[in-house]
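The values are calculated or read from the model by the stated rules, or taken from the named source; none is laboratory data. Note that the structure is predicted; figures quoted are calculated from it, not measured. All Cβ positions, even for glycine, are placed from backbone atoms using ideal geometry, and neighbour counts span all protein chains on display. The accessibility values were calculated without ligands, DNA or RNA, using every heavy atom of the protein model including side chains. Shrake-Rupley method; radii C 1.70, N 1.55, O 1.52, S 1.80 Å.
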2 protein chains.
Amino acid sequence: MRPLFHPALEDIRPEAILYALSDPERVAIFAKLATAGCGGTCSALADLGDRIIPKSSLSNHFKVLRESGLIRSERQGVEMRNQTRCAELDARFPGLIRSILVAYGQLPAQLETMSGEEKSRDRR
Amino acid sequence: MRPLFHPALEDIRPEAILYALSDPERVAIFAKLATAGCGGTCSALADLGDRIIPKSSLSNHFKVLRESGLIRSERQGVEMRNQTRCAELDARFPGLIRSILVAYGQLPAQLETMSGEEKSRDRR
DNA sequence: TCCATAGTTCAGAAATTCGGAACTGTTGAT
DNA sequence: ATCAACAGTTCCGAATTTCTGAACTATGGA
């Protein structure tokens, strides 16, 4: 098994991000990953409610997310721990991830403080 | 020639937007369209500098942009006038288009007042 | 009418995506 | 040590999508 490839922050390209998140299944996976308390393993995310993603497809989804720079994957024993790279990404592409998740109606509470919106207090 | 299809604002789906803008050629077209002073015809946008997009491909790019809800196209005499639906889109998906164009380094001056960033004055 | 121009549609080749089956790597039990 | 179970990856063929040259349609002008 070849080692997993993760692009450096500066090599992440917007087209790869948009492509990866143009698939609602991948968005669902990514949004769940952004939720704390989710173990982040692949198989924990296979169930979409209306459909169970086949494992080869799931593996490919994770590969697309990883190689686009959206997540980091690390083997831990028999399973894979995945985590988003939201903080890094927000520094490179301010507001992008947040506005995409909002568009999909998938913004997790954990990301509410990401850039892209002024605080609701202090508004007039 | 069948009439051109434009989705209603409420039927526009984020995956279609992201998919359409996951292609740098389409982004270049869209960004140029968002620029005032550009006539908005298809052939005016075929030249990317490093490559001239074949017209069948160009026609397809416009179709993808149109059917995703990013632009409106209207026949005017022998040619097609295209315009972005930025204002509408920003109401439905706040900050999305702006942050995508920023990510690509393609934000036209005309869009600088779109939502997605507080004004630079009043910052501390 | 005939021609030129702008763009669309068609069709086949090339590339991509999907997913079942086989495989790899790790842990734990015997 | 061997074996079984499990998590995930790779392989590969089928189905789908993308690309683009060639043919076609629509409009306006001479």
Using a label point 7 angstrom from Cα along Cα-to-C-beta, what distances in nm, from shortest up, separate A:P24 from the other copies? 3.1
What are the label-to-label distances in nm, one decimal and shortest first, from A:E67 to the same spot in the other copies, with labels 7 Å along Cα to Cβ? 2.7
Per 10 Å bin, what percent of the C-alpha pairs of region A:9-105 does each bin hold, from zero upward? 15, 53, 28, 3
Suppose a student asked you for the relative contact order of chain B, using Cα pairs under 8 Å spaced at least 6 residues apart; what percent would you report? 28 percent
Can you compute the charge dipole magnitude of region B:9-48 about its Cα centre, using +1 on each Lys and Arg Cβ and -1 on each Asp and Glu Cβ, nothing else charged? Give it in debye, rounded to the nearest 20. 140 debye
Quick one: angle between helix A:24-34 and the longest Cα principal axis of chain A, in degrees between 0 and 90, rounded to 10, please. 80 degrees
Each residue of region B:50-64 in order: what ³J(HN,Hα) in whole Hz does its phi give by Karplus 6.51 cos²θ - 1.76 cosθ + 1.60, θ = phi - 60°, with x for Gly and Pro? 8, 6, 9, 6, x, 5, 5, 5, 4, 4, 5, 4, 5, 5, 4
If you average the alpha carbon positions of region B:1-73 and of region A:42-79, how far apart do those two centres end up, in angstrom? 32 Å
Residues of region A:5-32 with accessible area at least 50 Å² lower in the all-protein-chain context than alone (1.4 Å probe)? A:E15, A:L18, A:S22
Ignoring ligands, DNA and RNA, how do B:V27, B:V64, B:V78 rank by accessible area with a 1.4 Å probe, largest first? B:V78, B:V64, B:V27
If I model a spin label at B:R13 and A:D47 as a point 7 Å from the Cα along the Cα→Cβ vector, what separation in nanometres do I get? 2.5 nm
Charged-residue dipole, Cβ positions (Lys, Arg, Asp, Glu), region B:10-106 about Cα centre, Debye nearest 20: 140 debye
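Hey, could you get me the Stokes-Einstein D for the protein assembly as shown, Kirkwood radius over alpha-carbon pairs, 10 °C and 1.306 mPa s, rounded to whole µm² s⁻¹?
82 µm²/s
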